[in-house]
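Have a look at the structure below before the remarks.
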Amino acid sequence: MSTPEPESGTPWWRDAVCYEVYPRSFADGNGDGVGDLPGVTARLDHLGRLGVDAVWITPFYPSPLADGGYDIADHTAVAPDLGTEADFDAFVARAHDLGLRVLIDLVPNHTSDAHPWFREALASAPGSAARSRYLFRPGRGANGELPPNDWQSAFGGPAWTRVPAPGGGPGEWYLHLHAPEQPDLDWRHPEVVADFERILRHWLDRGVDGFRVDVAHTLFKAPGLPDAGPGQHQDILRNHLMPYYDQEELHPLFRTWRRLLDTHPAPPGAVPPGQRVMVAEAAVFDPARLARYVSPGEMQQAFNFAFLECPWDGTEMRGVVERSVASMRAVGAPVTWVASSHDAIRPVTRYGGGALGLRRARAAALLMLALPGAAYLYQGEELGLPQAHVPDDRLRDPLWERSGHRERGRDGCRVPLPWEGTAAPYGFSTATADDCWFPQPGDWADLTVEAQEDDPASMLALYRSALRLRHAAPAPADAAPVTEGPADGSWLAFDRGPGLRCLTNFGPDPVPLAAGDEILLASTPLEGRAVPADTTVWLRRSS
Ligand code: NOJ
């Protein structure tokens, strides 16, 4: 089977469900305890059976792994521990055979400190051409001993690191909005712009259908690198006024990339040029500003992190749905719903943990998958995995060290998937559990794909049914659901389209259904004709 053409004039990505693979934790093909590309390819039929439309694979490039692979030493190669270029080609071919589009990460804000450009910069003098691809500056203070400005790293501590001067002694500082091993590029440098066009073309030639653009909002820094100012870093992720967030020059750049994607020839199996997609990962919480990333001629999708961050509260959820739909509709873009990712606490844990967390995660999944627009799932979400506890001495996230051990970071959602069997590593690898790169919890036997496979009450069965019904009841291309519900937010309902109505009960009391409504799917067994607490039901209305 080759990648199918869209059935109608609606671009495939507008209502696509994309599955995020974190390759080192998906499946290990060579038994070294680390997931790899052959492992992913061998298990891709799991995505086919789930019923998703696309796969996004997070960085598989050579990396010293200072930040889970988002510190890239070579943007057009494959990390040796993950496989070869032929393994990548085999992954793309298998995905296309299964009818899945392939998205990969573009990480333009920074490189690894092991990237040849940064090594050359360190070996070169202040003011040299090699340093000008990054953001090197002299320090403040009498002897340059203070960072050039007050910017903070997203992982804690100053966003600047001082390097030795070429002849010895302390020298300039370089900017890193993330870990010190991730120096920021200067996006006003023409070689940086040209190199990323080369990188885009390289992967398009290898058959990818789109890109997830990492921290798309931070590429340009305000001229002069001004201080953010006192108090500005208190809620760093939400402050779009940061001088390193959301600068105007982003938009002409994204338009250039879009033209490239829309015109570069496609190899067999890949979608044709006009159907490729870019999805922005941008922590821009003002919906109107986020909408600019997906305005005509720019990217097609932007992750809606407001849904992921919304607590289990009907009033707040209704507000998120209404604001998200209105702002994206204003620019003709779909909302791109997200409930989990390799950066977030898993929904089961976020919504309270245990049986309650699982019950709400099931209800949230049906709510999200009923909403018109695109959706991204993260590996293990379909199994209802909770956040795993990773012992202190096995933590790898730079947040752990850089926060002075106050924040454990994101490793708990990155432990290897449980596939089968009753003990770790649950079919993830032929290595022993002790030799796997992250330890898995000892109580995941009931959460494996194998254990859930034939259980109609499992999370896996719920996701499979939901994706099948969702495909059978497409939302109209420009759908703007009218939300309904009482003022106290105890329940929320909307029509996805003519064939599917969704109702979520956030409150404690059962919500009776209208007589004659046909029940298509429920996240928890109904109590007669009433929807119990923390439950979503999909209905076909009696006409
Ligand atoms: C966002 C990625 O999702 C995250 O994992 C990474 O740490 C940062 N960008 C920096 O690249």
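The values are calculated or read from the model by the stated rules, or taken from the named source; none is laboratory data. Values in this document were obtained by computation on a predicted structure and should not be read as measured data. Neighbour counts run over all protein chains shown; Cβ positions are idealised from the backbone, glycine included. SASA here: full protein model, heavy atoms, side chains in, ligands and nucleic acids out. Shrake-Rupley method; radii C 1.70, N 1.55, O 1.52, S 1.80 Å.
Return the total of residues in the stretch 60-88 being more than 16 Å from the ligand (Cβ to nearest atom), closer than 17 Å to Ala27 by Cα and open to solvent by 10 Å² or more (accessible area, probe 1.4 Å).
The qualifying residues number 6.
Could you tell me which residue of the stretch 95-153 is farthest from Ala66 (Cα to Cα), considering only residues that are in a loop (DSSP other than H, G, I, E, B) and free of Cβ contacts under 8 Å to residues at least 12 places away in the same chain?
Ala142
Let me spell it out: the conditions are (1) open to solvent by 40 Å² or more (accessible area, probe 1.4 Å); (2) modelled with pLDDT under 95; (3) within 16 Å of the ligand (Cβ to nearest atom), and Arg289 meets all of them except one. Which number is the exception?
Only one criterion in (1) open to solvent by 40 Å² or more (accessible area, probe 1.4 Å); (2) modelled with pLDDT under 95; (3) within 16 Å of the ligand (Cβ to nearest atom) is unmet by Arg289, namely (3).
Out of all the residues in the stretch 118-129, is one or more over 23 Å from Asp195 (Cβ atoms), away from the ligand (no atom under 16 Å from the Cβ) and within 30 Å of the chain's Cα centre (by Cα)?
No, the stretch 118-129 contains no residue that is over 23 Å from Asp195 (Cβ atoms), away from the ligand (no atom under 16 Å from the Cβ) and within 30 Å of the chain's Cα centre (by Cα).
Select from the stretch 265-280 the residues that are surrounded by 21 or more Cβ atoms within 10 Å (Cβ to Cβ) and not basic (Lys, Arg) and write down the one among them that is nearest to Gly207 (Cα to Cα).
Applying the filter and picking the extreme gives Ala270.
Would the stretch 445-454 turn up any residue that is part of a loop (DSSP other than H, G, I, E, B), open to solvent by less than 60 Å² (accessible area, probe 1.4 Å) and of a type outside the set (Val, Ile, Thr)?
No, that holds for no residue.
Going by what's in this entry, would Pro252 be described as without any contact (Cβ under 8 Å) to a residue 12 or more places away in the chain, out of contact with any Asp or Glu (no Cβ under 9 Å at 6 or more places or on another chain) and away from the ligand (no atom under 16 Å from the Cβ)?
Yes.
Residue-by-condition table, conditions (1) within 22 Å of Glu181 (Cα to Cα); (2) surrounded by 24 or more Cβ atoms within 10 Å (Cβ to Cβ):
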residue: Gly352; (1), (2): no, no
residue: Arg360; (1), (2): no, yes
residue: Ala363; (1), (2): no, yes
residue: Ala375; (1), (2): no, yes
residue: Gly384; (1), (2): no, no
residue: His389; (1), (2): no, no
residue: Asp393; (1), (2): yes, no
residue: Trp400; (1), (2): yes, no
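Might you check whether a residue that is hydroxyl-bearing (Ser, Thr, Tyr), touching a Cys at 6+ places or on another chain (Cβ under 8 Å) and part of a loop (DSSP other than H, G, I, E, B) occurs anywhere in the stretch 414-431?
There is at least one residue in the stretch 414-431 that is hydroxyl-bearing (Ser, Thr, Tyr), touching a Cys at 6+ places or on another chain (Cβ under 8 Å) and part of a loop (DSSP other than H, G, I, E, B).
Any chance the stretch 90-109 includes a residue that's within 14 Å of the ligand (Cβ to nearest atom) and either over 19 Å from the mean Cα position of the chain (by Cα) or among the acidic types (Asp, Glu) (or both)?
Yes.
Based on what the data block shows, is Gly29 touching an Asp or Glu at 6+ places or on another chain (Cβ under 7 Å), surrounded by fewer than 23 Cβ atoms within 10 Å (Cβ to Cβ) and at positive phi?
no
State which residue is surrounded by the most Cβ atoms within 10 Å (Cβ to Cβ) when the search covers only the stretch 32-57 and only residues that are in contact with a Lys or Arg (Cβ under 8 Å, 6 or more places away or on another chain) and under 26 Å from His115 (Cβ atoms).
The qualifying residue surrounded by the most Cβ atoms within 10 Å (Cβ to Cβ) is Gly35.
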